[in-house]
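The values are calculated or read from the model by the stated rules, or taken from the named source; none is laboratory data. All of these numbers come straight from a predicted model, not from anything done at the bench. Positions of Cβ are backbone-derived with ideal geometry, glycine not excepted, and every protein chain shown enters the neighbour counts. What goes into the accessible areas is simple: the full protein's heavy atoms, side chains included, and nothing from ligands, DNA or RNA. Shrake-Rupley method; radii C 1.70, N 1.55, O 1.52, S 1.80 Å.
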Amino acid sequence: MNVFRKILPAIALGILVLMSSCSISDIRNDYVKTQSNTSERARQILSEMQIAHGVEHWNKFQTYSVAFQDEFYGLIGSIANPFPNNRADVILTYTPGEFTGKASFVSGKWQGKTWGYTQNRTYEEDKEGNLNFEENSTIKFWVPTYQYFLELPARITEADQMAYAGTDEWNGRPQDLVLVSWKSLSPQKDIDQYVLWIDQETHRITLIEYTIREIMKSAKGCAFFEDYETYGGILLPSKIPVKQKREQADNLHQMSINAVTFDSIPTTQLAVEFP
């Protein structure tokens, strides 16, 4: 039974790769493709979103720690899951505005283990405090990805390409849509596209559609920002369910933010001397 549980996800992943190897996803809608000179409107909407999310408060802190959970569901979720258990409970600790941080596991088979990412390099720390500096592509993807989701309202305007993508509704509430990317809004094999759905009344992010070029050129996802709470003046979602498509019923996985503390550890604890 254990053998088949390991083989089936590998087979499914292989099928997905073959099906998508000849395509590259494009999440531009018809509005973006037919309209021009909408970048100023897009930037204004993102500015209002940042105010609503309290992003100016990130500058007050040198580090932050998050009691975080990620739980995976179903066959496709098991393919994406990088952990030995369906649910990972971790303490995420980051330096805001950088890609420097670590994920310390507090339950399951990896309890006491830490993943670290800094200076575009990875490391692992075992329960005894021993460090392994072998490059790890899984750490290199997941540790900064979690940070980007947490800080996305503050960091998304770093994109140099953006366009207003029209309006839509979600759960009966009108939304403004904004497309952002880098270098070009057209699909590029190594650069992602994002579409932010922003509530017209609250200016909060409702959901985000995005590509995942690092995993697969055709891969797309959709993350919902739900049950907002305020920490240190910063608005963060308590739950971030992730699906393959916006209308999909089942979650691939769900990220949860259970608590946030600021400056509870010094930046020196995130600094690592690489050999």
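Residues that are out of contact with any Pro (no Cβ under 6 Å at 6 or more places or on another chain) and of a type in the set (A, V, I, L, M) within region 50-82 comprise I51, A52, V66, A67, L75, I76, A80, listed in sequence order.
When region 195-218 is examined, which residues are found to be touching a residue at least 40 places away in the same chain (Cβ under 8 Å), among the hydroxyl-bearing types (S, T, Y) and not in a loop (DSSP other than H, G, I, E, B)? Passing the criteria: Y210, T211. Looking at region 103-114, I want the residues that are over 20 Å from L150 (Cβ atoms) and have a partner that is open to solvent by 40 Å² or more (accessible area, probe 1.4 Å) and part of a loop (DSSP other than H, G, I, E, B) with Cβ atoms under 7 Å, at least 6 apart or on another chain. Which pairs are those? Here the result reads G108/P84; G108/N85; K109/P84; K109/N85; W110/P84; G112/K127; K113/D126; K113/K127, each pair linking region 103-114 to a residue that is open to solvent by 40 Å² or more (accessible area, probe 1.4 Å) and part of a loop (DSSP other than H, G, I, E, B). Which residue is farthest from Q254 (Cα to Cα), if the candidates are limited to region 201-228 and must be among the charged types (D, E, K, R) and modelled with pLDDT under 95? The qualifying residue farthest from Q254 (Cα to Cα) is K217. Determine, yes or no, whether Q269 is touching a residue at least 60 places away in the same chain (Cβ under 8 Å), out of contact with any Gly (no Cβ under 8 Å at 6 or more places or on another chain) and buried (at least 19 other Cβ atoms within 10 Å of the Cβ). In short, no. For region 231-251, the set of residues classified as hydrophobic (A, V, I, L, M, F, W, C) and either in contact with an Asp or Glu (Cβ under 9 Å, 6 or more places away or on another chain) or modelled with pLDDT of 95 or more (or both) consists of I234, L235, L236, I240, V242, listed by residue number. Sub-6 Å Cβ pairs linking a first residue in region 138-161 that is open to solvent by 20 Å² or more (accessible area, probe 1.4 Å) to a second residue that is among the β-branched types (V, I, T), at least 6 apart or interchain, are K140/T122; A154/V55, ordered by first then second residue.
Yes/no per residue for (1) at pLDDT 95 or above; (2) in contact with a helix residue (DSSP H, G or I) (Cβ under 8 Å, 6 or more places away or on another chain); (3) of a type outside the set (D, E); (4) under 20 Å from N251 (Cβ atoms):
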| residue | (1), (2), (3), (4) |
| --- | --- |
| I7 | no, no, yes, no |
| A12 | no, yes, yes, yes |
| R41 | yes, no, yes, no |
| Q62 | yes, yes, yes, no |
| A88 | yes, no, yes, yes |
| I91 | yes, no, yes, no |
| K102 | yes, yes, yes, no |
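Within region 222-252, being under 12 Å from the mean Cα position of the chain (by Cα) and either open to solvent by 80 Å² or more (accessible area, probe 1.4 Å) or without any contact (Cβ under 8 Å) to a residue 40 or more places away in the chain (or both) holds for C222, F224, F225, P241, V242.
Scanning region 59-90 for residues that are under 20 Å from G101 (Cβ atoms) and either without any contact (Cβ under 8 Å) to a residue 40 or more places away in the chain or open to solvent by less than 20 Å² (accessible area, probe 1.4 Å) (or both) yields a total of 11. Does at least one position in region 205-221 carry a residue that is under 20 Å from A42 (Cα atoms), open to solvent by less than 40 Å² (accessible area, probe 1.4 Å), touching a Pro at 6+ places or on another chain (Cβ under 9 Å) and of a type in the set (A, V, I, L, M)? Yes, region 205-221 contains a residue that is under 20 Å from A42 (Cα atoms), open to solvent by less than 40 Å² (accessible area, probe 1.4 Å), touching a Pro at 6+ places or on another chain (Cβ under 9 Å) and of a type in the set (A, V, I, L, M).
Of the residues making up region 133-145, those that are more than 16 Å from Y194 (Cβ to Cβ) and of a type outside the set (D, E) are F133, N136, S137, T138, I139, K140, F141, W142, V143.
Annotation note: of V55, V17, the sole residue that is of a type outside the set (S, T, Y) and at pLDDT 95 or above is V55.
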